[in-house]
Amino acid sequence: MNRLARSEAADFLTRVGTVTPAGRDAGAPAGMDDVLSDLAGLGLAPGDAVVLCLANGVELLRVLLSSLLLGLVPLAVPPSTPWQRVRALSGHIGAGTAVTTRLTGAEQQRPVGGAFAVPTGHPATPYRPGEILLSTSGTSGMFSACVHQVPALLHNARLHAAATGITSADTLLVNLPLYYSYALVAQAFAAYLTKARLVLDRPPFSPLAYRDTVIAHGVTHSAVTPTLARQLLADPALIPRGLRALAVGGDRLAPAEVAKLLAARPSAELYLTYGLTEAGPRVSTLAAHAEPVHRYGSVGRPLPGVRASLREVQGDVLGLVRGEVRGEVGELVVESDTVLLRRVGDGSRRVLLGPRTIATGDAFSIDDGYLTFHGRLSDFVVLRGEKVSLNTVRQAAHTIPGVVHCVPKVVNEDGTQVLDVHLSVTDSPPGGEKAVRRLLNSQLLPAERPRAVFISTADPETFRK
């Protein structure tokens, strides 16, 4: 069954290791008893939400699994998230407690394993035990989350494991953050179900360190984003030859890049996958090593039980398409038992079209059942290899006193996309641009922070807030 069990979770954690700066496997703690006891001692009720602001490692998995076993509803966020933003997010989703290793200045702190629980100052909103919160796919801003059922995510993990050939004989390398749905569901939960071994790494990514980690830990199955794949292709000699299977999930790889990855690892497996957090998260998979060349631009067929269709969208969708397209282009609609239950928080756009049916916000064509991705219809960009919601930047800017309008602009600088932010203010802010930048950056993650901030005075005759 697709259920979490205490004994199986404890056994899973013994198969999880961490890559240390020296390249050694730190191993996993012996068990979860201390964390379960610490969490139970907080007095939280089943269904209470808790924000986990922890580093990408075994401790995060221990606290997350322990929370779920106690009927709590966790939401993992980046460990670099400013405390002010953690508190604000907690208010929007109804979490009265956060678990973190960072100093917050709060007087009431209770130990939870190697971290501590801190009250957020917000009343708890009851969820149902067995639910979990996942950060949205980057399209809805910083104060929203997706509500999923854990059994549905485990079911999706099982489907993905079957589609990409994950077995108990594999060692999976996770170098994507566990607060990403791909790393949590398609890798960590997949390893839990298949009894595979898991090795957790942390940024920054480098092809040389990646190769050394794969060799040192006997990694057989790995997943990267297209951005990381392109870093590997920049020096194909560093692509580990001993890696049995490589999966690429996220934005689209060009067919020529797919061909190069296959050529760099003869006789090895290459899987191209598509998904989004709202779908639970994986939707389709292409076993590129077993497909003809003309399929290299596809992300494959939907997973078993996933139904994909197109709907007409407004605007110049064809303007997103590069190259020849066979068939109609439209917004991809996904129907699946693993789709989110609902969204919570502020600023979340409606994606549910009906029970277990979502509009993805992505432009696709479908040819003989194969899905081909052509572009994002959503309001986000990729900066420094990270998805950045322009709506998040706007929301952060609008919390600064005097800011009445924010226009994020993506600029190409020597072949790299960077972000500039143009602000309209009612009065010149004290401290000028430096003070505004400091306030803005205090709420943004490193990848979201602009290269430059430009300030102008709003015209009261032409602008209305």
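The values are calculated or read from the model by the stated rules, or taken from the named source; none is laboratory data. Every value quoted in this text rests on a predicted model; they were computed, and no experiment measured them. All Cβ positions, glycine included, derive from the backbone under ideal geometry; neighbour counts span all protein chains shown. Calculation scope for accessible area: heavy atoms of the full protein, side chains included, ligands and nucleic acids excluded. Shrake-Rupley method; radii C 1.70, N 1.55, O 1.52, S 1.80 Å.
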> Which residues, taken from the range 122-134, are modelled with pLDDT under 90 and in contact with a helix residue (DSSP H, G or I) (Cβ under 9 Å, 6 or more places away or on another chain)?
Replying inline: T125
>> If a residue must be part of a loop (DSSP other than H, G, I, E, B), at pLDDT 95 or above and not acidic (D, E), how many such residues does the range 272-328 contain?
In response: 11
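This table checks each residue for (1) under 15 Å from R451 (Cα atoms); (2) in contact with a helix residue (DSSP H, G or I) (Cβ under 6 Å, 6 or more places away or on another chain).
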position	(1), (2)
F373	no, no
R376	no, no
R384	yes, yes
T399	no, no
T416	yes, no
>> Please determine whether any residue of the range 221-234 is in contact with a strand residue (DSSP E or B) (Cβ under 6 Å, 6 or more places away or on another chain), under 30 Å from V147 (Cα atoms), in a loop (DSSP other than H, G, I, E, B) and modelled with pLDDT under 95.
In response: no
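Yes or no, residue by residue, for (1) of a type outside the set (A, V, I, L, M, F, W, C); (2) open to solvent by less than 30 Å² (accessible area, probe 1.4 Å); (3) at pLDDT below 95:
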| site | (1), (2), (3) |
| --- | --- |
| M142 | no, yes, yes |
| V150 | no, yes, no |
| A157 | no, yes, no |
| T167 | yes, no, no |
| D170 | yes, yes, no |
| Q187 | yes, yes, no |
| K195 | yes, no, no |
| L200 | no, yes, no |
>> Name the single residue that is nearest to L173 (Cα to Cα) among those in the range 246-262 being surrounded by fewer than 21 Cβ atoms within 10 Å (Cβ to Cβ) and at pLDDT 95 or above.
In response: L262
> Looking at L377, is it over 18 Å from T81 (Cα atoms) and touching a residue at least 40 places away in the same chain (Cβ under 8 Å)?
Replying inline: yes
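Look through T213, T227 and report the one residue that is β-branched (V, I, T), open to solvent by 30 Å² or more (accessible area, probe 1.4 Å), out of contact with any Ser or Thr (no Cβ under 7 Å at 6 or more places or on another chain) and within 27 Å of R384 (Cα to Cα).
T227
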>> Taking the criterion of being assigned to a loop (DSSP other than H, G, I, E, B), under 21 Å from Y127 (Cβ atoms) and either open to solvent by 40 Å² or more (accessible area, probe 1.4 Å) or at pLDDT 95 or above (or both), would at least one residue in the range 30-42 satisfy it?
In response: yes
> Where residues in the range 172-185 are part of a helix (DSSP H, G or I) and farther than 14 Å from L65 by Cβ, which of them is least open to solvent (accessible area, probe 1.4 Å)?
Replying inline: A183
